[in-house]
1. If you wrap a convex hull around the C-alpha atoms of the range 2-146 and split its volume per residue, what is the figure in Å³?
2. Using a Förster distance of 30 angstrom, determine the FRET efficiency expected from the C-beta separation of residue 78 and residue 122, and round it to 0.05.
3. Of all alpha-carbon pairs in the range 27-92, indicate the percentage at a distance above 14 angstrom.
4. Remind me, what semi-axes does the range 76-147 give for its equivalent ellipsoid, largest first in whole Å, using sqrt of 5 times each Cα gyration tensor eigenvalue?
5. What is the spin-label model distance, in nm, from residue 97 to residue 48 if the labels are put 7 Å beyond Cα along the C-beta direction?
């Protein structure tokens, strides 16, 4: 297990270093140079990192869940269905309105819809994080008061 932690640590350091290299390259090359190539590379890298994180969470969740408690797969499946439903709902309510004050051409309607969906998911996650902090602090205060 100790070797596995070392492997995870070094993989994480390597991914962070690659991210920093792309970021520095974008600033040194200029974000608008070469038909916005640095922006495209950085966005694609961000997409890859998100997919890698999701895959790691799902795979590790499956492996650990099956080893510890086979019934936890049902909980994982329910969680995935809920997350998919929230993403689908955000996609349905996202307006996909045209971008304002753009100097160049408008992005496609699909890109605008996806951007609005991601913004809505970000707002939702932020609101949930704030609620979790408040509820956690209130619960901690109540628990400490009784004890």
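Each value in this text was obtained by applying a stated rule to the coordinates, not by laboratory testing. Nothing here was measured: the structure is a model prediction, and the numbers come from that model. With ideal geometry, Cβ positions are generated from the backbone for all residues, glycine too; neighbour counts draw on all protein chains shown.
1. Numbers: hull volume 29.6 nm³, N = 145.
Considering the Cα atoms of the range 2-146, their hull volume per residue is 204 Å³.
2. Values: r = 23 Å, r/R0 = 0.78.
Approximately 0.80, to the nearest 0.05.
3. 72
4. Listed largest to smallest, the semi-axes of the range 76-147 are 37, 17, 7 Å.
5. The two pseudo-label positions are separated by 3.6 nm.
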